Amino acid sequence: CARVLGAKLGPLAPQGRAIGVMLPNANAAAVTVLGVMSAGRVPAMINFTAGPTNILNACKAAEVETIVTSRAFVQKGRLDALVEALSQSLRIVYLEDVRGQVGRIDKLRGFLSWRQALHPRRPEDPAAILFTSGSEGTPKGVVLSHRNMLANAAQAQARIDFGRTDKVFNVLPVFHSFGLTVGLVLPLVSGVPVYLYPSPLHYRVVPELVYGSNSTILFGTDTFLTGYARAAHAYDF
């Protein structure tokens, strides 16, 4: 699936250049990130809560000219004004439109060649671009190589009891380093199921979903975990 999507997203930017990804924690975000990587481009993770000025500054710093998002996300997140502001300077591409370009031949090619990346990458090649919050001035881009991301995941794995019998529930946004490298990349490269949830602020909902999905690992900050503990029933965890 990621390879098929990557073949459609690749033409949006020259090889080695960045493509903005503005999506919530969901399957679409994971597939888009992996698809952009597979195509030899670099996903620049856009913090959609940062406001148009900070996002435009971040895109300028990373030389991003195109942002991939979803109409359903924009509608549900009430981000129409944000997208309208961004579209004055950037090209906005919707996954719904890209999906319409995928035919049976594309799916067959993806099925037969799913083990092969569209463009093989080296460990030192850029894997993703994250951005600082901009609280101390213009947002700065932080480039993580494939080696960096795998090293971060390995460091986290070395500190927790983590195995293939586990299930990870990730509420941390994938536009943050921990949410991307530990909440998404770590379980994927370890063969561990991961559930993505779009907001860490739903203190009553998250514990119920953790219980319902039989998840065994929940990553979070002290504030989030305290909120879940206060709202949860004893059997949720």
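Read-outs throughout are calculated quantities, based only on the coordinates presented, and are distinct from any laboratory measurement. As the structure is a prediction and not an experimental result, all values here were calculated from the model. Glycine gets a Cβ as well: all are built from the backbone with ideal geometry, and neighbour counts include every protein chain shown.
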task = Sum up the charges of everything whose Cβ sits under 12 Å from the Cβ of residue 207, counting Lys and Arg as +1 and Asp and Glu as -1, but leave residue 207 out.
result = 0
ask   = What is the projected area of the convex hull of the Cα atoms of region 146-231, averaged over all directions, in nm²?
value = 5.3
note = The simple spin-label model distance between residue 165 and residue 1, using points 7 Å out along Cα→Cβ, in nm, is 2.8
Most to least packed among 173-185, 222-234 [average Cβ atoms within 10 Å] = 173-185, 222-234
ask   = Karplus couplings for region 76-90 from phi (6.51 cos²θ - 1.76 cosθ + 1.60, θ = phi - 60°), rounded to Hz, Gly and Pro as x?
value = 5, x, 6, 10, 4, 5, 4, 5, 4, 5, 5, 5, 5, 10, 10
key: Net charge of Cβ neighbours under 12 Å - reference residue 31; Lys, Arg +1; Asp, Glu -1   = +3
note = Ranked from fewest to most other Cβ atoms within 10 Å of their own Cβ, 105, 46 fall in the order 105, 46
query = Can you give the FRET efficiency for residue 63 and residue 202, using 1/(1 + (r/R0)^6), R0 = 45 Å, r = Cβ-Cβ distance, to the nearest 0.05?
reply = 0.80
